[in-house]
Amino acid sequence: MVADIVVVHGLWADGSSWSEVIPLLHAAGHRVHAVQLPLTSVEEDVACTRQTVDRLPGPVVLAGWSYGGAVLTNAAHGAPNVSALVYVAAFAPEKGECGNDILARFPSGVGEAVQLDEQGRMWLDPARYRQVFAADLHASRAAMLASVQKPAAPACFSTPSGEPAWRTIPSWYLVAENDEALRPAAQRWMAERMGASVTSVAASHAVPLSRPERVADVIAAAAAAGC
C-alpha cells in the first residue's frame, strides 16, 4: 500500500541527505517529502516538519536521521495521520532530555569537531567531517558534504524535548554500527528504551548515503506495517 513518507535530515546537512534513499522509495510506489529544516531552533524545526505532516492525508511515515530523530519525536506527537516512526542513527529523546544529555552519557567525536562562528552558530570542522560523520564515503564526497553543510544553532542540542511520539506510535530503529558521531551503544540504548523494532548495519553516521538500500528497506517495512 502506498504511504506518504516524510524524511527529516540532521545537523550539518540538508534534505539532500536522503538523495540515495528517495529514488528507492519512489520505485516502491511511495510518495516522499523531504523537509528542509532551518536548524535555528528545535521549535522552528518541529514546526517546519509538522507543517509538512499536517498537509498530508495519511498514512504518514516519519523518518529521521541523526538530529532529525529529535525533531520527529516532537513533531509527530498528537498527529493522528502518522502511522509509524523510523529512526536512522537518530536521537530519540525522552521528555525533558536533550541531545547534549545523550552525548554526555555516550561521548563521541562530535564535541571536539564542532566549531562556533562569530554568530554563535555550530559548524562541523571540514577537516574532521569524514572521520566523524562519513568514514565509509569516498573522500571527495565527504569533502563535498562538508562544503555544503548548514550551520546549526546550539539550541538544537540543548533544548529539552517534549512528550515523545514514540510512546504511542510504532517505531523502527536502524543502528549504524560504525558510527563515530552518535555511538552505536547510544543508539541501541534509545531503541530499547522506546521498544523499537531494531535493525543494524555496518555503516558510518552517514548511513542514508552509504547504505541507502538498508535504510529504504526499514522505512518500507514501517510503511507496510502502518498501512
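Within the range 93-101, does at least one residue satisfy the condition of being in contact with a Gly (Cβ under 9 Å, 6 or more places away or on another chain), within 23 Å of Leu174 (Cα to Cα) and not polar (S, T, N, Q)? Yes; the residues of the range 93-101 include at least one that is in contact with a Gly (Cβ under 9 Å, 6 or more places away or on another chain), within 23 Å of Leu174 (Cα to Cα) and not polar (S, T, N, Q).
Checked against the criterion of being within 19 Å of Trp172 (Cβ to Cβ), surrounded by 20 or more Cβ atoms within 10 Å (Cβ to Cβ) and under 15 Å from the mean Cα position of the chain (by Cα), the candidates Ala3, Ala76 yield just one match: Ala76.
Among helices (runs of 4 or more DSSP H) entirely within the range 146-223, having at least 1 residues that are under 27 Å from Gly78 (Cβ atoms) and aliphatic (A, V, I, L, M) singles out 155-158, 184-194. In the range 32-43, the residues that are within 19 Å of Met122 (Cβ to Cβ) reach residues that are among the aliphatic types (A, V, I, L, M) with C-beta atoms within less than 6 angstrom, at least six apart or across chains, in these pairs: Leu39/Ala152; Thr40/Ala153; Ser41/Ala153; Ser41/Ala155.
The set of residues from the range 47-61 being without any contact (Cβ under 8 Å) to a residue 60 or more places away in the chain and not hydroxyl-bearing (Ser, Thr, Tyr) comprises Ala47, Cys48, Arg50, Gln51, Val53, Asp54, Arg55, Leu56, Pro57, Gly58, Val60.
Scanning the range 6-31 for residues that are of a type in the set (A, V, I, L, M, F, W, C), closer than 26 Å to Pro80 by Cβ and under 15 Å from the mean Cα position of the chain (by Cα) yields Val6, Val7, Val8, Trp18, Val21, Ile22. Of all positions in the range 165-182, at least one carries a residue that is farther than 24 Å from Pro23 by Cβ, crowded, with 19+ Cβ neighbours inside 10 Å and among the hydroxyl-bearing types (Ser, Thr, Tyr). Before we move on, is Asp136 more than 18 Å from Ala203 (Cβ to Cβ) and over 15 Å from the mean Cα position of the chain (by Cα)? The answer is no for Asp136. When Val198 is tested against (1) buried (at least 23 other Cβ atoms within 10 Å of the Cβ); (2) in contact with a helix residue (DSSP H, G or I) (Cβ under 6 Å, 6 or more places away or on another chain), exactly one condition is not met: (1). Quick check on Leu25: is it at pLDDT 95 or above, surrounded by 23 or more Cβ atoms within 10 Å (Cβ to Cβ) and more than 30 Å from Ser158 (Cβ to Cβ)? Yes: the conditions hold for Leu25. The single residue among Ala139, Ala84 that is surrounded by fewer than 18 Cβ atoms within 10 Å (Cβ to Cβ) and either among the acidic types (Asp, Glu) or modelled with pLDDT of 95 or more (or both) turns out to be Ala139. Residue count for the range 172-227 under the criterion of being touching a residue at least 24 places away in the same chain (Cβ under 8 Å) and within 18 Å of Ile102 (Cα to Cα): the result is 22. Exactly one residue out of Ala185, Ala155, Ala222 is under 29 Å from Ala28 (Cα atoms) and at pLDDT 95 or above: that is Ala222.
Could you tell me whether the range 129-152 includes any residue that is under 17 Å from Ser17 (Cβ atoms) and of a type in the set (Phe, Trp, Tyr)? Yes, that holds for at least one residue.
The values are calculated or read from the model by the stated rules, or taken from the named source; none is laboratory data. None of these values were measured; they are calculated from a predicted model. So basically every Cβ, Gly included, is an ideal-geometry build from the backbone, and we count neighbours across all protein chains shown.
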